[in-house]
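Engineer: Sending over a structure as structure tokens; questions will come in a sec.
The values are calculated or read from the model by the stated rules, or taken from the named source; none is laboratory data. Note that the structure is predicted; figures quoted are calculated from it, not measured. Here the Cβ positions follow ideal geometry from the backbone for every residue, glycine too, while neighbour counts run over all protein chains shown. These accessible areas exclude ligands, DNA and RNA; they are computed on the full protein's heavy atoms, side chains included. Shrake-Rupley method; radii C 1.70, N 1.55, O 1.52, S 1.80 Å.
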Amino acid sequence: MDSDMTQRMQELLDGDFSAVSALDQEIRQRVSSGDCEWVTLLGAELERRAACDGGDPSAHVLLLDRLQTALASTAGPQSLRALVCLPNSLQTGESVRIKAERRLAQMVARGHRPADIVSVVYGEELDTAASDEFRACLLQELVLEGVVVPEYPPLRSFGEVLVSEGHPLAHLPLHLLPTERGLLKPAHVQHGWTWALPPATVEKQSDQPELHVSAEMRRRSVEVDPVEVTVPEAAESMGAAVRHWCEQSNGSVAAQEFWSASPVPPSDFAAVFEQLSLAAWPVEGGRARLHPATPDRVLRVLLTAAVRSPAYGSGMYGAYGRLAAWRSLGGLVGAAPDASIDHTAALVEQAHWFIADPSSDWFHQVAWDLAVAALRPDGQEIAVLAATDID
């Protein structure tokens, strides 16, 4: 390491903000000019100092983040090689490593060309430092980016390895399903388009007009008497996409199932919904406004919740976020825990979906709220998932 870099690092560790800014600028200049050897040396030095120094590691973590971001946003095999050779994280612990690998996989999928990723991470350059878990996450991140996996034999082969090893992500297909059609980037959209939905309000989560309950609908539904039949296993599955809201933050989840002896016509669902004893809409809190929804819209709501950070903590990122979203969908449609995604997807397309306005006092109404309901294909089973969080 040259003396100039050593001096810059020492200034940074002494807490001089101007040194951080200068080093950040130099990182970007070096990466843009293709000097990835310098970047690799800096990464190694950061790792050494983080291991040796007993003080606050935040300065090291900040610089590693700047290095990763610069390399992830600069397409090309040279910068990608440098990126996967950097340490994923400067902090120890299994949970820290897992989070770092998931984050890095998302960054790589969004910033680099599939052909370069295949060559550097999955192809003949297997001496890179990328772990199999990173590769597994990256494979699913590429699927979410719309990459056609069969066009790249190394990707397909690695997916087969994951299946043989029973990896959790092997449960997911290596292509987008019809229910995931809303994840495909439309042609001629502006740069920066994303399938992720804005926070919270029903006007942003739903793209359909509100359902209004008529007196005739209430008359037809008066004999319907849905009873709650929720079991813990089903509630856990339904809440998979928002589990991190509770584990890492101040979230609350209400997942409930109901059964009706008489099938509920989809056209009368709004009237029946008013009769449900819902934890998120206590009697004194008024009833929810309900909007019809398409299956792909509900998937986007759940996937957005899964990948998005709650008030505290971090999101699941794309690969495990997709897995969690499908687990929630499976719970909502009553699929067996070991059902294939294809079977779950068929049930999802057959169900009738609704998005409810998270407007009762149960919801914190800050930025982390969702409420979806499913009328299952048989018309006798109803599932409702509500979640909220606060900072």
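Engineer: For residue 85, which of the numbered conditions (1) open to solvent by less than 20 Å² (accessible area, probe 1.4 Å); (2) in contact with a Gly (Cβ under 8 Å, 6 or more places away or on another chain) fails to hold?
Structural biologist: All conditions are met except number (1).
Engineer: Kindly list, by first and then second residue, each pair from a residue in the range 369-391 that is over 11 Å from residue 358 (Cα atoms) to a residue that is aromatic (Phe, Trp, Tyr) and assigned to a loop (DSSP other than H, G, I, E, B), limited to pairs with Cβ atoms under 9 Å and residues at least 6 apart or on different chains.
Structural biologist: Correct list of pairs: 389/312; 391/312.
Engineer: Restricting to the range 182-233, count the residues that are assigned to a helix (DSSP H, G or I) and exposed (fewer than 14 other Cβ atoms within 10 Å of the Cβ).
Structural biologist: Filtering the range 182-233 for residues assigned to a helix (DSSP H, G or I) gives 182-183, 202-205, 215-221, 232-233.
The next check asks that each one be exposed (fewer than 14 other Cβ atoms within 10 Å of the Cβ); those that pass are 203-204, 215-216, 219, 232-233.
Final tally of qualifying residues: 7.
Engineer: Residue 281: among the aromatic types (Phe, Trp, Tyr) and more than 26 Å from residue 207 (Cα to Cα), yes or no?
Structural biologist: Taking the combined requirement at face value, the residue does not satisfy it.
Engineer: Another one. Within the range 308-331, can you find the residues that are part of a helix (DSSP H, G or I) and closer than 20 Å to residue 363 by Cα? First the steps, then the outcome.
Structural biologist: Step one: filter the range 308-331 for residues part of a helix (DSSP H, G or I), giving 317-331.
Residue satisfying the conditions is 328 alone.
Engineer: Still on this model: How many residues does the range 309-338 hold that are small (Gly, Ala, Ser) and within 29 Å of residue 272 (Cα to Cα)? It would help to see each step written out before you state the result.
Structural biologist: Residues of the range 309-338 small (Gly, Ala, Ser): 309, 311, 313-315, 318-319, 321, 324-325, 328, 330-331, 334-336.
This time we only want the ones that are within 29 Å of residue 272 (Cα to Cα), so: 324-325, 328, 330-331, 334-336.
Looking only at that region, the number is 8.
Engineer: Tell me the residue from 322, 327, 289 that is at pLDDT 95 or above, within 25 Å of residue 259 (Cβ to Cβ) and among the basic types (Lys, Arg), please.
Structural biologist: Within the list 322, 327, 289, the selection yields 327.
Engineer: Something else about it: So if I check each of 255, 241, which one is assigned to a helix (DSSP H, G or I) and either within 30 Å of residue 282 (Cα to Cα) or among the polar types (S, T, N, Q) (or both)?
Structural biologist: 241
Engineer: I'd like to check which helices (runs of 4 or more DSSP H) are fully inside the range 108-174 and have at least 2 residues that are more than 17 Å from residue 71 (Cα to Cα) and open to solvent by 40 Å² or more (accessible area, probe 1.4 Å).
Structural biologist: Counting at least 2 such residues, we get 132-144, 153-165.
Engineer: Go through the range 359-374 and give me each residue that's surrounded by fewer than 24 Cβ atoms within 10 Å (Cβ to Cβ) and either over 20 Å from the mean Cα position of the chain (by Cα) or at pLDDT 95 or above (or both).
Structural biologist: Of the residues in the range 359-374, the ones surrounded by fewer than 24 Cβ atoms within 10 Å (Cβ to Cβ) are 359-362, 364-367.
359, 360, 361, 362, 364, 365, listed by residue number.
Engineer: May I ask you to list the residues in the range 277-331 that are under 30 Å from residue 135 (Cα atoms) and without any contact (Cβ under 8 Å) to a residue 40 or more places away in the chain?
Structural biologist: Selection gives 309 alone.
Engineer: Something else about it: Regarding residue 63, is this residue outside any helix (DSSP H, G or I) and modelled with pLDDT of 75 or more?
Structural biologist: no
Engineer: While we're looking at this one, here's another question. Mind checking whether some residue in the range 31-41 is modelled with pLDDT of 85 or more and closer than 27 Å to residue 136 by Cα?
Structural biologist: Checking the range 31-41: at least one residue is modelled with pLDDT of 85 or more and closer than 27 Å to residue 136 by Cα.
Engineer: Quick one: would you say residue 360 is touching a residue at least 60 places away in the same chain (Cβ under 8 Å) and closer than 21 Å to residue 259 by Cβ? Break it down into steps so the answer makes sense when it comes.
Structural biologist: Values: touching a residue at least 60 places away in the same chain (Cβ under 8 Å): yes; closer than 21 Å to residue 259 by Cβ: no.
Against the criterion (touching a residue at least 60 places away in the same chain (Cβ under 8 Å) and closer than 21 Å to residue 259 by Cβ), residue 360 does not qualify.
Engineer: Looking at this structure, is residue 261 in contact (Cβ under 8 Å) with a residue 60 or more places away in the chain, of a type outside the set (Lys, Arg) and open to solvent by less than 50 Å² (accessible area, probe 1.4 Å)?
Structural biologist: For residue 261, the condition - in contact (Cβ under 8 Å) with a residue 60 or more places away in the chain, of a type outside the set (Lys, Arg) and open to solvent by less than 50 Å² (accessible area, probe 1.4 Å) - is not met.
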